Amino acid sequence: MTKEEAKKRIELLRREIEKYRYAYHVLDQSLISDEALDSLKKELFDLEQQYPELITPDSPTQRVGGKPLKFFKKVRHEVPMISLNDAFSQDDMRDWYERLLKLVPEKARLDFYCEHKFDGLAISLIYKNGIFNLGSTRGDGKIGEDVTQNLKTIESIPLRLRETRVLPEIVEVRGEVLLTKKEFERINREQAAKGLSLYANPRNVAAGSVRQLDPQVTASRHLVFYAYDLITDLGAKTHEEKHLILKDLGFKTHTDNKRVKTLEEIFEIHDQLAKIRERLPYEIDGLVVIVNDNKLFESLGTVGKAPRGAIAYKFPPKEVTTIVKDIVVQVGRTGVLTPVAILEPKEVGGVVVSRSTLHNKEEIKKLGLKIGDTVIISRAGDVIPQVIKVLPHLRTGKEKEFKMPQFCPICHAKTVVDKGGIIVRCPNKKCPARFEEKLYHFVGKGAFEMKGIGPKIINRLLDEGLIQDASDLFDLKEGDIAVLERYGEKSSQNIIKAINDNKKIPFSRFLYSLSIPHLGEKNALLLARYLQTKMPQTQDATLRIDYLIKLGSSLTVNELAQIKDFGPVITEAIVQWFQDKTNTEFLKKLAAKGVSILAVPNEVSKQFQGLTFVFTGELKTMTRDQAKEAVINRGGEVSENVSKKTSFVVVGENPGSKYQKAQKLGVQIISETEFLKML
Ligand SMILES: [Zn+2]
């Protein structure tokens, strides 16, 4: 992106974010999910980091909270109520940690306090001579609203501080007002019973309840307050001590907080929390990590308007914004053409997503989607990510309209539209896109042998438009599979591993995998041995696919007829296969995706064909294994037991019972010297 383009994008983003912010913070209307909004803010933040000269004081990144409504008395915060910067990944956390290390004096002890990041409403409480005197919302960080009467209805807020210590005249405490999920459901049930519209999330209800003009309504909502910061200096040396003092003063504090020393511990807590998040009684959207030493925290100061010594380590968002780079059309097993959005890869719900099915042309029309659009993708629950909304105000004018193709992209047959006018399909019964059997064969025994991948997963991948032909398998990412119903993180890891473990494949199996008509496993081996004599090999016996394409295109029936056992049917089939452009294109794709083929061992001698050897006693000139190998390399077999079928028993020094048995059965007995002569 050039600076000029960045400037344009920044302006568009600011306008869009401001629109949502005003609706949410001032009008209490949620037009977009917090996560999608965060995603826009993050993009803006990153762009401004890249071009700091483009930062202006009115940028949403330079602001905290929203304007107070007229109805409440305004309250000035002596110490501004700041918000935290966000981290969305381990990389973001490492960056933060690295920046801290540069600023922390060498001798200082750097440890962290980790707390749940509540998804509620931040509140300041002022106690005068130990009595609750003034409660206010954050507002814009400097000026909030006086909601004292409403806060008094919340039982977890003490009206008088416990007198366990000598207190200064003024004590200020900060924390979060929350609504439990259970209470949220109860309120929504009531709303439904009254025929009123439902609330979007517990946080909205908590915010709305605190900012009620009638305290009776607030009281009916059973809100909870968790304290997490003590602004007044009561002698705490660490943030952890602040929590202990808060508890001592009579506040509800969270019991699951942890003090840790390393980033690894933070990652572990974050992962754990993400797993139990859904089961917690209230909503959280991440982990707050704060430098535990209060003096150190103060000395680190602020960056922009957020403290340097603390960060909100958010959970992977379930909604993000991204850009639709292209819309491609996949042809399914039944011939249905499905448009698929190719996305700028983004992490959503913990997995990186780079494509998303758009189902059909009606869906695209409904979304109003154009190629190049900025969109919101959502992954609700464990389902496949979907494009749920287009943000048309971010358009530059270069976006392109998408049209369903009139011809099948695979076989070029003219497409037909189903009666409903929604489903477009390829009518060609022989369309290669329909040949899922080829795919089953490709991954199966004797071919690529991808463990755990069978028709079931192949069908699923085809149906979801994740693969079109076998070469697409090598493009799959764990995230593409993990989001499919019934495929968890573990099984998607296994599937990706099975695919990648088989990128190097013996030439014979490679040829067999291609579904060349009449070419069975045995003939594939013979063909491989023949072709590889005409192909250059690298030191590690790798053969290049582009040579195979070249060689294949020049093959003739007469030439192939030289291969023993190759009749006219099979030679013709091989020649035709390599002449077909679709096939050579497929080979090119495999090469481009890193598939490499290995030369197979040349033909073993047939000297010992049909002969079975048994060894007994010690051999002087070779080990038992070398002797066995010598037999196998000559087409013979080695057995542990003597029977009437045994051809030779080779007797070394101190032979065992096999020797007697051979004598009894009348099997031919030879010495080591005689065996060596045979070799
Ligand atoms: Zn077709």
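Just a few scattered comments:
Yes or no, residue by residue, for (1) within 60 Å of the chain's Cα centre (by Cα); (2) in a helix (DSSP H, G or I):
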position	(1), (2)
A630	yes, yes
V638	yes, no
P655	no, no
Q660	no, yes
I669	no, no
T673	no, yes
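- With a requirement of 1 or more residues that are closer than 30 Å to K628 by Cα, the helices (runs of 4 or more DSSP H) lying completely within segment 521-609 that satisfy it span 521-532.
- Considering the conditions (1) under 25 Å from L473 (Cβ atoms); (2) out of contact with any Lys or Arg (no Cβ under 9 Å at 6 or more places or on another chain); (3) modelled with pLDDT of 90 or more, L519 is excluded by exactly one of them, (3).
- In segment 407-451, of all residues being assigned by TED's automatic domain parsing to the domain that holds T334 and in contact with a Pro (Cβ under 7 Å, 6 or more places away or on another chain), the one that is nearest to L461 (Cα to Cα) corresponds to I410.
- Qualifying positions in segment 386-428 - free of Cβ contacts under 8 Å to residues at least 12 places away in the same chain and within 16 Å of the ligand (Cβ to nearest atom): Q406, F407, H412, V416, V417, D418
- Residue-level check: of (1) closer than 30 Å to I453 by Cβ; (2) free of Cβ contacts under 8 Å to residues at least 12 places away in the same chain, R529 misses just (2).
- Among the residues of segment 189-215, the ones that are in contact (Cβ under 8 Å) with a residue 40 or more places away in the chain and either of a type outside the set (A, V, I, L, M, F, W, C) or closer than 25 Å to H116 by Cβ (or both) come to 13 in all.
- Residue that is modelled with the highest pLDDT [pool: residues in segment 193-213 that are aliphatic (A, V, I, L, M) and part of a loop (DSSP other than H, G, I, E, B)]: L196
- Some residue of segment 552-561 being modelled with pLDDT under 90 and not hydroxyl-bearing (S, T, Y): no
The values are calculated or read from the model by the stated rules, or taken from the named source; none is laboratory data. Since the model is a prediction, treat every value here as computed from it, not as a measurement. All Cβ positions, even for glycine, are placed from backbone atoms using ideal geometry, and neighbour counts span all protein chains on display.
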